[in-house]
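Working notes for the structure below.
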Amino acid sequence: MTSSFHVPSVSADHMDELLAGRRMRRNRRTDWSRRLVRENTLTVDDLIWPIFLVDGEKIREAVPSMPGVYRYSVDEAVLEVERAAALGIPAVALFPNTDPSLRDATGTEALNSDNLICRACRAIKEKGLNVGLITDVALDPYTSHGHDGIMEGETILNDTTVNQLCHQALIQAQSGADVIAPSDMMDGRIGAIRQCLDANGFRDVQIMAYSAKYASGFYGPFRDAVGTNATLIGDKRTYQMDPGNTNEALRETELDIQEGADMVMVKPGLPYLDIVRRIKDTFQVPTYAYQVSGEYAMIEAANANGWIDGERVMLESLLAFKRAGADGILTYFAPRVAELLAKK
Ligand code: PBG
């Protein structure tokens, strides 16, 4: 059926007049021009690779909810970090899957200087690689209830937990960690850990604070990877942030900076880019974002179904962090992206 609308054809001259000569598409016509006007780019220097550890030898265990991600025994992790170094990835972040038999109510294993993460630190450090070693400070991989702190009844005790986190940070620093990354969201832990590190001769160990960490549904696959999903009692809403808040993220970040954080982080990533932008604009400090396990899993799942071009979405999602002002991204895609960027 032909419509009865009258559509007058617009002449080029008329269009020039309408646009006053401003044709936005001119700059987009060619590849060289698109590259020339591009405001943000992703480079290998933006990448931090989170790596999961497991006890044993010669183990590479697939994480089912994170296709392409593995848990590595220490010997294998060393090889992966060597690969990261060869690819030019600036830093890796280690997360242990602690044997269930070693987990207890207070996370005692976190203070064992021979625990999985400490052994991995020493083995990696021995190689003398030009890669930063970031270690996770929080009790969840070590507690039988899966919480980041020590519990009394239903309550996660703040100050008691902070004391233990300080001790945990010290043994990690002693094992060779370059950057201590507290992901627990207890109040005052950045200042307490800084003081403790300084008092024990670790003045040069950096702190990357998980400053704005939200109580999020996007952490599910991570909890599979470190084995806390099965054991977690309740949720983490009494210490992680409410997803409805943004001003609170600025207050959290301000406190962490005052307490001595060298770098701050927002987590999850893509759903919280507004927070990244506000923090970067407000404080102008090194600001990172964590593209968390659920974000990774969604992209992988859609790709596996043929619903999206996974590689393209991977690069686009990481570029979005740069656009939002992030100085770097913790991402499970790190080695794959680094390989791709090296080929370009
Ligand atoms: C816990 C911790 C979590 C992540 C990093 N550290 C999960 C949680 O808070 O339960 C999530 C990372 C991810 O989902 O990729 N200290």
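Here the simple spin-label model places points 7 Å from the Cα toward Cβ, and for Arg122 and Asp75 these points are separated by 1.7 nm. Here is the list for segment 1-60: trypsin sites (Lys or Arg not before Pro) lying in DSSP coil, each with at most 15 other C-beta atoms within 10 angstrom of its C-beta, are Arg22, Arg23, Arg29, Arg38, Lys58.
Structural descriptor for segment 219-344: relative contact order 25 percent, calculated from alpha carbon pairs under 8 angstrom and at least 6 residues apart.
Taking every DSSP bridge with both residues inside the chain, close to 15 percent are antiparallel.
Lys-Lys pairs in the chain that are eight or more residues apart or on separate chains and whose Cα atoms lie under 30 Å of each other come to 24.
Once the other residues with Cβ under 10 Å from the Cβ of Ser113 are scored (Lys, Arg +1; Asp, Glu -1), what is the net sum?
Details: positive: Arg119, Arg122; negative: Asp114.
Summing Lys/Arg as +1 and Asp/Glu as -1 gives +1.
For segment 304-317, the Karplus equation 6.51 cos²θ - 1.76 cosθ + 1.60, evaluated at θ = phi - 60°, returns couplings of 4, 7, x, 8, 9, 8, x, 5, 5, 5, 4, 5, 5, 5 Hz by residue, with Gly and Pro reported as x. Given +1 at the Cβ of Lys and Arg, -1 at the Cβ of Asp and Glu and no other charges, the dipole of the chain around its Cα centre is 1540 debye to the nearest 20.
If a spin label sat at a point 7 angstrom from the Cα of Thr41 along the line to its beta carbon, the backbone N atoms of segment 307-321 nearer than 20 Å would be those of 312-321.
The GluC sites (Glu not before Pro) of segment 70-132 that meet both conditions, a loop assignment by DSSP and at most 15 other Cβ atoms within 10 Å of the site Cβ, are Glu126. What the phi angles of segment 176-189 give under the Karplus curve with 6.51, -1.76 and 1.60, with θ = phi - 60°, is a coupling list of x, 4, 8, 10, 8, 10, x, 10, 8, 6, 6, 6, x, 6 Hz, glycine and proline written as x.
Comparing Cα centroids, segment 134-171 and segment 299-316 end up 36 angstrom apart.
When you filter the chymotrypsin sites (Phe, Trp or Tyr not before Pro) in segment 281-324 for DSSP loop state and at most 13 other Cβ atoms inside 10 Å of their Cβ, you are left with Trp307. Backbone amide hydrogens, once placed in the peptide plane, bring Met265 within less than 5 Å of Ala209, Ser211, Ala212, Tyr288, excluding anything fewer than 5 places away on its chain. Residues of segment 27-42 with an amide N closer than 12 Å to a point placed 7 Å from the Cα of Asp309 along the Cα-to-Cβ direction: none. Seen from every direction in turn and averaged, the convex hull around the alpha carbons of segment 1-46 projects onto 7.0 nm².
Read-outs throughout are calculated quantities, based only on the coordinates presented, and are distinct from any laboratory measurement. None of these values were measured; they are calculated from a predicted model. With ideal geometry, Cβ positions are generated from the backbone for all residues, glycine too; neighbour counts draw on all protein chains shown.
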